[in-house]
Structure formats: C-alpha cells, structure tokens
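J.: Attaching a single structure in structure tokens format; questions to follow.
The values are calculated or read from the model by the stated rules, or taken from the named source; none is laboratory data. From a predicted model like this one, the values you see are computed outputs, not experimental measurements. Please note: Cβ atoms are built from the backbone with ideal geometry, for glycine as well, and neighbour counts cover all protein chains shown. Accessible surface areas use protein heavy atoms only, side chains included; no ligands, DNA or RNA. Shrake-Rupley method; radii C 1.70, N 1.55, O 1.52, S 1.80 Å.
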Amino acid sequence: MCTVRLAVGTAVVMMATALGGCADDPGDGPGERDLDADVSVPGWPDQVDVAILTEDVGGGLPPPEPAPARFAAVPDFVLYGDGVAVWRQGGSFLTITLDREGVRSVLGWATVAGLLDEGGADTGDPQVYDVPSARFDVRTDDGSVATILRAPGLDAGDLGLSPDESAARALLGELHDRLRSLPDFLGDDRVLAPVGPLRAAGWEVLSRRTTTYPDLSGDEPTWTLDDLSEGCRTVTGDDQTRLESLMAAQQTDPGFGSVWGFEGAAWVVFARPLLPGAPRGCGAVP
C-alpha cells in the first residue's frame, strides 16, 4: 500500500512524481478525498475475536458514578476480522455480518479517511476542554494504528483548525455515519446476515447502592429483573432477553451507570455485553 503523504511538502510531491505517482493513494489531501475511491488495503486477521476497526467515544467530564474500566471500554462500533460488526443504538446493540469484500470496502473507507496513515489521521488539537474524544483503532496485517478525534461533532470552523484538519474531521464524520448504515453503502450482496439485535454470549451486570443520588426522586425506572444486592453477575438465557428489553426501553447507555429504583432505594446499574475477545464477566470488580 502506498504510504506517501503528498500534503507534507513540495519535496515529497516531487518524490512521488519521480516514482511515477501512486494509483492506490487516497488523495493529495483530506479535502480532495472521496471515501468511495478505489484504494488497496492490506490484509487483516480474520479471526472471530479480533477487532480490526473500532470507534469509541469517551472522556470529557467524568460521570457521577464512575464505572469499572471494562464497562466503559465497550466500543461504540466494532468490526471483527470475520465480518461481524456490532454497534450501539440507544440502549441497544445491533449487529450485521459482511462478506470478505464488504470488510475490504470498510477498510478502504478507513484508508481514505487517513486511519491507516502513519500516526493516524491528522485531525488537529482543538483547544477545548471537558468534552469527549473519539478514538479509532485499525488493525491489519501491517500493524495497528490509532487516531484520536477531539471534540467530535463540534463545528470545525470554531476550533481554530487548518483546512486539512477540518477536512480530516469531516471524513471521519462521514465514516462514522457509514458505519451505522452499512447496507446503504455496501449493497445487499455484501451482507451475509442482515442488521438485527445483538445476541451476545451474555451480559455482565454490576449493581451497587448509589451515593450520588441517595434518595429516590420518583422518576427512576423500577428494576424488575433480579436482586440488585447480588452485586456482579453474568446474565444469560431468558434473563438476558429481559435485561436487553429493560436497557432498550430506558435508552440506557451500556457501560455508564444508570440509576434505578429497587425496594425503595436508589441503585446504580452498569451492564455490558460479552463481546468476542472481551474479558469474561465478573472478574475483580471494585
């Protein structure tokens, strides 16, 4: 794969010209790139438990009820080497399975968006604070590359960024949207299993009495699944179906504590699906 970055300077442009150009290069600069450009991508590990593309949003102001790291680390989007993709939608997770060419297309988008550039895409360093950041990780046979996008979704024109940095942010915004609508951009012939609710191997659930909200306001949803005093447990089977319904109905963001009423007291509940390759449920939980 060509790794020449033509936007670096005149000398690099001259070198690329001397070498005869690079047909697989995604473009001269972020502002001139098209995610649908025909680019080559390296191979990737095709194991079912190896994440080859993840997007995760976190940071900013800390939540009032901090969760153990593995709950907060559940990615917003993950594509595995075998073509299975999982992403958050409200309080639920959706999944789809792509064929090999579908996976290659997604990695092509990531290539054009600069995620395979050395050091990742250059999105600048906006001087804003207490706001989340998005992290993109790509893993191929050539290695792993991480990109940090600070303050995703904020108007780049207000962040004091260069035109190339703003364009790079726009490409990542377009990639973000595509990852949630894969059939619309890949076509049905690249889809082996259509979009549907995730059926994880199980869920890890951690509950504890909240110290941030010691008294019930009356607006909290009522927990009806099990006994919250059990602490950490792995939920499977029929209870898993009920849990997923509870989380979806309340639009609860898995991985971040949500307050529930149980036996007249306020409890905070954390829940995460047991995704491929993730730590198993109920290890050492603080």
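J.: Among the candidates S162, S181, S144, which residue alone is more than 17 Å from the chain's Cα centre (by Cα) and open to solvent by 30 Å² or more (accessible area, probe 1.4 Å)?
T.: Answer to the selection: S162.
J.: Sticking with this one: Yes or no: region 115-133 includes at least one residue that is touching a Leu at 6+ places or on another chain (Cβ under 6 Å), in contact (Cβ under 8 Å) with a residue 40 or more places away in the chain, farther than 23 Å from A73 by Cβ and of a type outside the set (D, E, K, R).
T.: Within region 115-133, one or more residues are touching a Leu at 6+ places or on another chain (Cβ under 6 Å), in contact (Cβ under 8 Å) with a residue 40 or more places away in the chain, farther than 23 Å from A73 by Cβ and of a type outside the set (D, E, K, R).
J.: Another question, if that's okay. Keeping to region 141-154, report how many residues are out of contact with any strand residue (DSSP E or B) (no Cβ under 7 Å at 6 or more places or on another chain) and part of a strand (DSSP E or B).
T.: The total comes to 1.
J.: Can you find, within region 123-140, the residue that is farthest from V112 (Cα to Cα) among those that are of a type in the set (D, E, K, R) and assigned to a loop (DSSP other than H, G, I, E, B)? Reasoning before the result, please.
T.: Looking only at region 123-140, we keep the residues that are of a type in the set (D, E, K, R), and these are 125, 130, 135, 137, 139.
Narrowing the set further to residues that are assigned to a loop (DSSP other than H, G, I, E, B) leaves 125, 130.
Working: D125: 21, D130: 30 Å.
Within region 123-140, the match that is farthest from V112 (Cα to Cα) is D130.
J.: Quick one: in region 61-76, which of the residues that are small (G, A, S) and either over 13 Å from A271 (Cα atoms) or part of a loop (DSSP other than H, G, I, E, B) (or both) is nearest to the chain's Cα centre (by Cα)?
T.: For region 61-76, the residue satisfying everything is A73.
J.: Related question: Tell me, which residue of region 77-98 that is outside any strand (DSSP E or B) and modelled with pLDDT of 95 or more is farthest from the chain's Cα centre (by Cα)?
T.: In this case the residue turns out to be D82.
Each row is one residue, and each column tells you yes or no for (1) buried (at least 20 other Cβ atoms within 10 Å of the Cβ); (2) free of Cβ contacts under 8 Å to residues at least 40 places away in the same chain; (3) under 30 Å from G29 (Cα atoms).
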{"site": "L172", "(1), (2), (3)": "yes, no, yes"}
{"site": "V191", "(1), (2), (3)": "no, no, no"}
{"site": "W203", "(1), (2), (3)": "yes, no, no"}
{"site": "T212", "(1), (2), (3)": "no, no, no"}
{"site": "F262", "(1), (2), (3)": "yes, no, no"}
{"site": "P273", "(1), (2), (3)": "yes, no, no"}
